[in-house]
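Novice: Got a structure for you, written out below as structure tokens; questions coming shortly.
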């Protein structure tokens, strides 16, 4: 008898032993699962009650969100950091789909297919080198991407604002006070988190470079309307609305964009 036949025979003896001396799923295992589910619900409800009635777990809600903020930098929850950093790797418009749909979907399909592809009864780790190496590489990759996503720094407003004198010199709008005001608002409002301007910022989600936006001749009013409601002017646009900045600030940013004709 070969070693494979011995393992199969041992597995059959194990199954027969479980069938002979084991307990059925219903009601034993089902009862245990029900009790544990109830315990989890009670613990969650208890923590919610403590949070609601005392300050032990911190305030129930924080300060009211300010839709007109120009300093908030949105970041995902920690368990999405690995996807967050994938967007930094595949940041070009043509490759964004790889980070958002391609790689996560491929990994999920492989995970779902694994039980149907690997049907061997062998479970010893030493006999499964390919599976162990693949699992280790996945865990290591997700760990590294999560860490890099957690420590990744967004371009802060002060760094972007330091480039404004260079912008005004290259674009030749140094004497246009409204455009200079708009350039500062452009830097403070986090526009360079998605857009690029004369080499500053990052092109996330396919956001275009705005260095020569004014050369397109769209006009001040178009820029204001687009900033107020991007999806109204450009259906399907993922850009968030900036109407909360106010009419005066929007007009300043619009003047800055229209003054941006590209390096002169």
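The values are calculated or read from the model by the stated rules, or taken from the named source; none is laboratory data. Predicted model only: the values in this text are computed from it and were never measured. All Cβ positions, glycine included, derive from the backbone under ideal geometry; neighbour counts span all protein chains shown.
Novice: Answer with yes or no whether residue 84 is touching a helix residue (DSSP H, G or I) at 6+ places or on another chain (Cβ under 7 Å), closer than 30 Å to residue 188 by Cβ and at pLDDT 85 or above.
Specialist: Spelling it out, residue 84 is indeed touching a helix residue (DSSP H, G or I) at 6+ places or on another chain (Cβ under 7 Å), closer than 30 Å to residue 188 by Cβ and at pLDDT 85 or above.
Novice: Do you know which of the residues in the range 64-81 that are exposed (fewer than 12 other Cβ atoms within 10 Å of the Cβ) and modelled with pLDDT of 75 or more is farthest from the chain's Cα centre (by Cα)?
Specialist: The extreme case among them is 64.
Novice: For residues that are under 15 Å from the mean Cα position of the chain (by Cα) and either in contact (Cβ under 8 Å) with a residue 40 or more places away in the chain or not in a helix (DSSP H, G or I) (or both), tally how many sit in the range 87-135.
Specialist: Residues flagged as under 15 Å from the mean Cα position of the chain (by Cα) and either in contact (Cβ under 8 Å) with a residue 40 or more places away in the chain or not in a helix (DSSP H, G or I) (or both) within the range 87-135 amount to 5.
Novice: Applying the selection to the range 136-170, what residues are loosely packed, with under 12 Cβ neighbours inside 10 Å and not in a loop (DSSP other than H, G, I, E, B)?
Specialist: 136, 137, 139, 140, 143, 151, 158
Novice: Sticking with this structure for a sec: Give me a count of the residues in the range 187-197 that are at pLDDT 90 or above and either assigned to a loop (DSSP other than H, G, I, E, B) or surrounded by fewer than 16 Cβ atoms within 10 Å (Cβ to Cβ) (or both).
Specialist: The number of residues fulfilling the criteria is 0.
Novice: Shifting gears a bit: Quick test of your reading of the structure: residue 57 fulfils all but one of (1) touching a helix residue (DSSP H, G or I) at 6+ places or on another chain (Cβ under 6 Å); (2) without any contact (Cβ under 8 Å) to a residue 12 or more places away in the chain; (3) closer than 30 Å to residue 10 by Cβ. Name the failing condition by number.
Specialist: Going through the list (1) touching a helix residue (DSSP H, G or I) at 6+ places or on another chain (Cβ under 6 Å); (2) without any contact (Cβ under 8 Å) to a residue 12 or more places away in the chain; (3) closer than 30 Å to residue 10 by Cβ, residue 57 breaks only (3).
Novice: A follow-up question, please. Give the range 11-47 a look and list any residue that's outside any loop (DSSP other than H, G, I, E, B) and within 24 Å of residue 124 (Cβ to Cβ), or say none.
Specialist: If the condition is that a residue be outside any loop (DSSP other than H, G, I, E, B) and within 24 Å of residue 124 (Cβ to Cβ), then 11, 12, 13, 14, 15, 16, 17, 18, 19 are the ones that fit.
Novice: For the range 228-250, enumerate the residues that are buried (at least 19 other Cβ atoms within 10 Å of the Cβ) and farther than 25 Å from residue 100 by Cβ.
Specialist: 245, 249, 250
Novice: Another question, if that's okay. All but one of (1) at pLDDT 90 or above; (2) surrounded by fewer than 20 Cβ atoms within 10 Å (Cβ to Cβ); (3) in a loop (DSSP other than H, G, I, E, B) hold for residue 184; state the number of the condition that does not hold.
Specialist: The failed condition is (3).
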